[in-house]
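What follows is a single structure, written as structure tokens, with notes after it.
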Protein chains: 2
Amino acid sequence: MVQRSSTLKVLAEHLDLSITTVSRALAGNPSVAARTRERVTAAAREFGYVPNLAARQLVSGRSGFAAFVLPVRGPSYVDSYLGEFLTGLGEGLATHGVDLLLAPVQPDRSELAVLRHVIESGRADGVVVARIAEEDERVGYLRERRVPFVMHGRLLDETAPVSWLDTDSGTAFGEAFDMLYELGHRRFGLVSITDRMTFRHLRERGLRAAIARRGDQAVELEVVAAPRFDRAAAVAAIDGLLHGPRRPTAVIGLFDELALLVLERAAHAGLRVPHDLSVVGFDNVPAAAYAPPGLTTFDACTRRSAKEIGEMLVSLVEDRGGEPLRRLVRPEPVLRGSHGPAPRSERAVRRGRSKP
Amino acid sequence: MVQRSSTLKVLAEHLDLSITTVSRALAGNPSVAARTRERVTAAAREFGYVPNLAARQLVSGRSGFAAFVLPVRGPSYVDSYLGEFLTGLGEGLATHGVDLLLAPVQPDRSELAVLRHVIESGRADGVVVARIAEEDERVGYLRERRVPFVMHGRLLDETAPVSWLDTDSGTAFGEAFDMLYELGHRRFGLVSITDRMTFRHLRERGLRAAIARRGDQAVELEVVAAPRFDRAAAVAAIDGLLHGPRRPTAVIGLFDELALLVLERAAHAGLRVPHDLSVVGFDNVPAAAYAPPGLTTFDACTRRSAKEIGEMLVSLVEDRGGEPLRRLVRPEPVLRGSHGPAPRSERAVRRGRSKP
DNA sequence: ACACGGATTGCAAACGTTTGCGAAGCGGCT
DNA sequence: AGCCGCTTCGCAAACGTTTGCAATCCGTGT
């Protein structure tokens with residue numbers, strides 16, 4: 001074991017004081033004389049005293065940890081989400097002296113089992129949960145167990161008394177549609193996923209709501225989907241969309257990774273972006289800036305969001321039983337080169353059809 | 001506080017046994033009767049008992065944590081390093097039941113101070129350190145304090161008895177040179193950083209060694225550098241290289257971020273890659289695949305490396321005082337479109353000059 | 001002289017484990 | 001009957017804190 005650092009007992013003996021007084025002096029308790037406090041703090045500094053946090057936790061019941069369960073990921077991914085998220089979370093927690101507990105999930109265990117262990121063993125005071133599924137057993141457990149937690153993302157049930165921060169991607173998808181509609185597009189494609197994540201639902205809903213608001217019967221929307229991390233299936237779905245009978249002039253990816261794939265398949269099919277096809281994504285991953293002609297997308301502000309999530313969690317842990325906290329952050333549109341006016345021919349066709 | 005989960009005391013009372021026996025039964029101690037052990041495990045399962053780890057740590061002296069200090073980062077970066085690294089680390093630690101402690105550094109504190117606190121407070125049994133500087137105070141502290149730790153990267157002093165895993169980027173840079181030389185390139189540029197990180201040194205050295213091995217006086221190398229996260233300075237340095245009197249035909253970036261910037265500035269200067277200029281990077285960040293014509297680079301295998309680092313750290317913590325562990329992983333070349341034969345004109349000029 | 005009150009300090013319990021050592025029970029042997 | 005040894009279990013200390021309560025000291029007012 002690492003050579004133990006100085007303890008209260010050592011300090012107390014050296015100062016000829018009781019452990020109690022030393023403890024109180026360091027805690028800034030006003031009942032200890034100013035002179036004594038000075039002696040104690042001086043000695044503590046000299047001895048390099050740092051309190052043992054396990055011991056403190058045992059009596060205080062607080063661990064000073066916020067937990068995050070490390071998602072199990074496929075072999076590879078074009079995604080800086082995790083790094084940005086954890087960086088932000090760290091920023092949000094740092095100011096309150098809270099550390100981050102990253103619990104990896106062993107191959108044979110479920111994410112819920114890991115979460116349970118972290119909580120029941122008293123390792124963490126609060127939890128942050130990302131990638132919310134429509135039926136999320138983790139959320140169910142945390143609520144029942146009355147553990148302070150904050151979700152990155154929302155539940156479908158808006159009335160549930162839970163704390164969350166979400167990027168308003170529904171509205172963003174609506175904005176994307178409006179922008180593309182103004183540019184003359186009428187035939188839309190959406191590349192989605194089959195996984196039952198709430199964000200899929202919210203984004204599709206946002207898009208459909210915007211379409212409905214417009215009230216233009218000429219607007220068409222074709223939705224294709226593939227399992228989240230199944231690249232081959234996504235390629236097949238996108239190719240189906242691009243080579244279908246009524247190829248859309250504008251395709252929206254549920255997130256950048258899919259939109260980038262659309263860019264790739266479009267190039268492969270000889271389609272020029274944005275001349276023949278407009279493409280819009282969501283997230284603003286780094287690669288979006290590099291893929292020609294530059295992917296138009298929305299910045300999810302992951303890092304900033306995570307920072308706020310950290311702060312929310314801290315305040316949740318401090319005053320238990322308070323009202324749940326909610327926060328909707330507005331994603332920033334990032335206009336690059338992958339969107340443009342609908343192809344002339346299409347516009348002509350449309351006009352032709354709309355006045356027969 | 002979170003409602004406490006069941007304790008040994010509760011179990012003991014319920015089973016009419018002593019705490020000692022219950023503890024031993026759950027630990028699989030053979031001195032408890034088989035029948036008793038069964039009763040205990042059954043009750044433990046029924047009560048959902050999970051041992052309090054703070055209490056266990058207090059007596060065992062082990063926290064079950066590996067610590068990683070969250071680097072403070074600039075406002076943005078094209079980098080998936082952190083996410084991949086932590087994912088891999090999690091994988092390496094998970095099988096041994098070790099959790100990851102991510103310590104964020106408060107704005108007014110140094111990274112070393114955070115590390116000190118984590119260690120002295122007994123929060124972690126071991127540490128992993130990345131981004132090794134030539135003079136690294138963190139490493140100095142950990143060695144002196146005899147804390148088990150593993151570095152991602154190396155010290156310049158090869159003889160120091162410390163554990164590390166590093167990607168052999170020096171050799172990779174040599175390979176890059178050899179490949180480009182075979183393609184006819186003779187005038188090389190290296191875009192480096194001014195920060196005194198050991199990997200800068202190793203990569204430059206690897207490149208220079210390969211040049212020396214070749215023993216061709218016609219080979220030229222111009223090195224430019226900028227502070228690590230200063231994009232404007234990097235742009236200026238690269239532009240200087242590209243518009244200098246003896247523009248290189250091949251430019252190597254110390255890492256992908258710089259190589260991608262070279263691609264950008266080359267396009268800006270009207271240079272075609274790889275026709276007029278070859279560019280090679282290192283790391284294989286996701287964006288490298290998207291930036292046209294595809295950045296030729298080396299895969300740093302971050303995730304796999306991190307997994308091994310996790311395993312190394314675990315074995316280091318288990319048997320203290322063992323020999324330091326070292327591991328050099330060979331980076332995979334990823335050949336894409338950004339390298340090619342040296343421009344014809346250049347080759348002609350070279351031939352002309354070499355036989356006057 | 002005595003009581004009182006405020007300032008300062010210490011005692012001891014508690015948090016939930018692990019573990020060295022001793023005790024009890026019991027069967028078999030002499 | 002007495003002893004031994006094995007199996008099974010419990011007592012109590014220890015890990016390093018925090019904290020309610022009591023103790024001490026000292027000065028002041030009556």
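Values quoted throughout were computed directly from the atomic coordinates according to the rules given, and no laboratory measurement underlies them. Please read these numbers as outputs of a predicted model, since none were measured by experiment. Ideal geometry is used to build each Cβ from the backbone, glycine not excepted, and the neighbour counts take in all protein chains shown.
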>> Can you give me the long-range amide H partners of A:THR296? Hydrogens built in the peptide plane at 1.01 Å from N, cutoff under 5 Å, separation of 5 or more residues or another chain.
In response: A:GLY281, A:ARG336, A:GLY337, A:SER338, A:HIS339
> How far is it, in nm, from the label point at B:ARG109 to the one at B:GLU264 when both lie 7 Å from their Cα along the line to the Cβ?
Replying inline: 3.4 nm
> Other chains' Cβ within 10 Å of B:145-153 residues: what's the mean?
Replying inline: 1
>> Need the full-extension length gain, B:ARG344 to B:SER31, defined as separation in residues times 0.36 nm minus the C-alpha distance. One decimal, nm.
In response: 104.5 nm
> If you project the alpha carbons of region A:1-111 onto the principal axes, what extent comes out on each, in Å, largest first?
Replying inline: 59, 28, 24
>> What does the C-alpha gyration tensor say about the overall shape of region B:66-155? Classify as rounded when a/c is under 1.5, otherwise prolate if a/b is larger than b/c, or oblate.
In response: rounded
> Using modelled backbone amide H atoms (1.01 Å from N, in-plane), which distant-in-sequence or interchain residues come within less than 5 Å of A:LEU70's amide H?
Replying inline: A:ALA103, A:VAL105
> If you take the square roots of the eigenvalues of the alpha-carbon gyration tensor of region B:143-246 and sort them as a ≥ b ≥ c, do you get rounded (a/c under 1.5), prolate (a/b over b/c) or oblate?
Replying inline: oblate
> Rounded to the nearest 0.05, what FRET efficiency is calculated for B:ALA232 and B:THR159 with R0 set to 41 Å and r the Cβ-Cβ distance?
Replying inline: 0.55
> For the protein assembly as shown, what does the alpha-carbon gyration tensor say about shape, rounded, prolate or oblate, given a ≥ b ≥ c as the root eigenvalues, a/c under 1.5 as rounded, and a/b over b/c as prolate?
Replying inline: oblate
>> Which of B:MET179, B:MET151, B:MET312 ends up with the largest GNM mean-square fluctuation for chain B, with Cα atoms connected below 10 Å?
In response: B:MET179
> Where does each of B:187-193, B:258-264, B:112-118 land if you order them by average Cβ count within 10 Å, highest first?
Replying inline: B:258-264, B:187-193, B:112-118
> Mean residue ellipticity at 222 nm from the helices of the protein assembly as shown, using -39,500 (n - 2.57) per DSSP H segment of n ≥ 4 over the full residue count, to the nearest 500 deg cm²/dmol?
Replying inline: -13500 deg cm²/dmol
>> At 0.36 nm per residue, and after removing the present C-alpha to C-alpha distance, how many nm does the segment from B:HIS96 to B:VAL219 gain when stretched out fully?
In response: 39.2 nm
>> Give me a comma-separated list of calculated 3J(HN,Hα) values for region A:35-40, in order, Karplus coefficients 6.51, -1.76, 1.60 applied at θ = phi - 60°, integers in Hz, x for any Gly or Pro.
In response: 4, 4, 4, 5, 4, 5
> How large is ³J(HN,Hα), in whole Hz, for each residue of region A:246-254 in order, when computed from phi with the Karplus curve 6.51 cos²θ - 1.76 cosθ + 1.60 and θ = phi - 60°, using x for Gly and Pro?
Replying inline: 10, 4, x, 9, 9, 10, 10, x, 4
> For B:43-52, what's the mean count of beta carbons from other chains sitting within 10 Å of each residue's beta carbon?
Replying inline: 2
> Quick one: Karplus J couplings for region B:131-145, per residue in order, coefficients 6.51, -1.76, 1.60, θ = phi - 60°, nearest Hz, x for Gly and Pro?
Replying inline: 6, 6, 8, 4, 10, 10, 5, 4, 5, x, 4, 4, 5, 4, 7
>> How charged is the neighbourhood of B:ARG327? Take every other residue with its Cβ under 9 Å from the Cβ of B:ARG327, and add Lys/Arg as +1 and Asp/Glu as -1.
In response: -1
> How do A:241-254, B:281-294, A:221-234 rank on mean C-beta neighbours within 10 Å, highest first?
Replying inline: B:281-294, A:241-254, A:221-234
> Sorted from shortest, what are the nm distances separating the label point of B:ARG109 from equivalent points in the other copies, each placed 7 Å from Cα along Cα to C-beta?
Replying inline: 2.7
>> If you take each beta carbon of peptide B:133-142 and count the beta carbons of other chains within 10 angstrom, what is the mean?
In response: 0
> Highest GNM mean-square fluctuation, chain A, Cα pairs closer than 10 Å: which of A:THR21, A:THR95, A:THR171?
Replying inline: A:THR21
>> One quarter of the convex hull surface, Cα atoms only: what value does that give for region B:8-60 in nm²?
In response: 3.5 nm²
>> Amide H of A:GLY189 versus every other amide H placed in the peptide plane: which residues, excluding those fewer than 5 positions away on the same chain, fall under 5 Å?
In response: A:GLU222, A:ALA250, A:VAL251, A:ILE252
